[in-house]
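Visitor: Dumping the structure here so I can ask a few things about it.
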Amino acid sequence: MTIEYSPIRPEVMDDPVPAYARLRDECPVHRTDELGRPLYSISRADDVHRILLDHELWSNEHGPGIADSSSGRGDMQHDDPPEHTRRRLFVRAWFRPDAVAELEPSIRSATAARIETLAPARRGDLYADLALPLPVESFCEIMGIDLRDRDQFLAWADELVVSMAYPGRGAEARTAMSAFTRDEVLRRREAADRGEPLPDGLLSHLATAPYRDDEPMPVGELVNMANQLLIAGHETSTSLITNCVWRLLEEREDRWARLVAEPDLVPTVVEESLRFDPPVLGLCRTNNEATSVRGVEIEPESKTMVLYASANRDPERFSRPDEFLVDRPKLELAKHDSFSWGIHHCLGAHLARLTARTVLEELVGRLPTLRLDGDPVRVGSPFLWGRKHLPVAW
């Protein structure tokens, strides 16, 4: 059975959950031609998981968006093995749990300082005042980039995220951001050649460490990799924070008040937020050869959107899937697809969790009277789910 569905329809953009439920029940492998080319959508958890684990059939070569895209060599969202494996290993150490844990004191200090600055105002926008800047500050610290450039990075990253769904957007931002990163790389290489000490951080490693045949990564590839790491981590971590606080305050007495009384539940709440409101609703893969899913034929090189958010609400996998439970069992929470699976599992997952947990712990401890102070506004991309305006008071 075919039903009318497209990820960019206004009613789906407003709230995709009812559409996902109908897809799972009536058309778990859906095709639409509304977007100028065929787009398939996969909605059931078992099918989503199977595709995410099969990187040989389901390729990233044509990009994660609806349109075919190529941002150049180095962007791991456009890479398949063996090159993807090489690139991931080259940067993996900087995103491992032990390396990320070392950032907690600085993230906590920055969060506390922002909250203390905001506190006298008695109201604010949690998105702009807290959730937006903190992930970029964490990224700049990992990379070793001067925080004076933070606001410019925010503007570039926001525009490039939109370009995933609307390819006409983002060219100017990509050019400017690439020029900045290229200058930083060349500056570090020149300093290394002179024997000067380099700034701590991943960017210095990328600029100077041997990548292939004892040579550093080519500048163009390195620029694409650094840019992709920022884009992938900035918007998603911001949305994780805003989604989490929004849901807690939406049912304030049952959720927020309980968390204030039981702050040890914070890690569980972060995982439940990831399941219930994944910052990435889904991304596309492209099949290398003709295949079928649940008997539906999918022609070669078709864009197929793998709906993480639908899989996370599948009653075959989760009990009471449409309820936000602050004490959902950890064994259930381990099954969510919000960070993908397989070789493309989110490299920054530990950093996103740490940032969200730290922000939530500081909010619970410092602003226990926090409440909603108006209607939130969602981000505008059909791939992403988050709040770009979250008015609160305390």
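Visitor: Given an 8 Å cut-off on Cα distances and at least 6 residues of separation, report the relative contact order of the range 1-76 as a percent.
Guide: 19
Visitor: Which of 321, 329, 382 moves most in a GNM of the chain, Cα contacts under 10 Å?
Guide: 329
Visitor: Still on this model: Which whole-number percent is the relative contact order of the chain (Cα, under 8 Å, 6+ apart)?
Guide: 25
Visitor: Need one number for the chain: average projected area of the convex hull over its C-alpha atoms, nm².
Guide: That works out to 19.1 nm², a quarter of the Cα hull's surface.
Visitor: Hey, can you grab everything whose amide H is under 5 Å from the amide H of residue 373? Only 5+ residues off in sequence or another chain; H modelled, so Pro and N-termini drop out.
Guide: Excluding prolines and chain starts, which carry no amide H, the hits are 392, 393.
Visitor: Using amide H atoms built in the peptide plane, which far-off residues or other-chain residues are under 5 Å from residue 280 H to H?
Guide: Long-range HN contacts for residue 280: 385.
Visitor: Pick out, in residue order, every one of the GluC sites (Glu not before Pro) in the range 281-361 that is DSSP loop and has at most 15 other C-beta atoms within 10 Å; say none if there are none.
Guide: On the way: sites: 289, 297, 301, 316, 323, 332, 361; in loops: 289, 301, 316, 323.
Qualifying residues, ordered by number: 289, 301, 316, 323.
Visitor: Can you give the relative contact order of the range 218-345 as a percent, counting alpha carbon pairs under 8 Å and 6+ residues apart?
Guide: RCO, the range 218-345: 24 percent.
Visitor: Let me ask another. Please check: in the Gaussian network model of the chain (C-alpha springs, under 10 Å), which one of 101, 309, 131 has the largest mean-square fluctuation.
Guide: Judging by the Gaussian network model, the answer is 101.
Visitor: Right, here's the next one. How many percent of the accessible area of the chain is carbon or sulfur, using a 1.4 Å probe?
Guide: 51
Visitor: Please work out the average accessible area per residue across the chain, using the 1.4 Å probe convention, and give it in Å².
Guide: 43
Visitor: Still on this structure: Longest exposed-loop-site-free stretch of the chain, with trypsin sites (Lys or Arg not before Pro), DSSP loop and at most 15 other Cβ within 10 Å?
Guide: Formally, the longest exposed-site-free interval is 1-121.
Visitor: With charges only on Cβ, +1 for K and R and -1 for D and E, what is the dipole size of the chain about its Cα centre, in debye, rounded to 20?
Guide: Details: 48 positive and 67 negative charges, 97 e Å.
For the chain, the charge dipole is close to 460 debye.
Visitor: Please give the Cα centre distance for the range 65-104 versus the range 204-220, rounded to the nearest Å.
Guide: 15
Visitor: Considering only 215, 141, 251, give the residue with the highest GNM mean-square fluctuation for the chain, with springs between Cα atoms whenever their separation is below 10 Å.
Guide: Judging by the Gaussian network model, the answer is 215.
Visitor: Treat each spin label as a single point 7 Å out from the Cα along the C-beta direction, and report the residue 334 to residue 99 distance in nm.
Guide: 2.5
The values are calculated or read from the model by the stated rules, or taken from the named source; none is laboratory data. Predicted model, so just to flag it, every value in this text is computed and none were measured. Note: ideal-geometry Cβ built from the backbone for every residue, glycine included; neighbour counts use all protein chains shown. The protein model used for the area step is the full one, side chains on, heavy atoms only, and it has no ligands, DNA or RNA in it. Shrake-Rupley method; radii C 1.70, N 1.55, O 1.52, S 1.80 Å.
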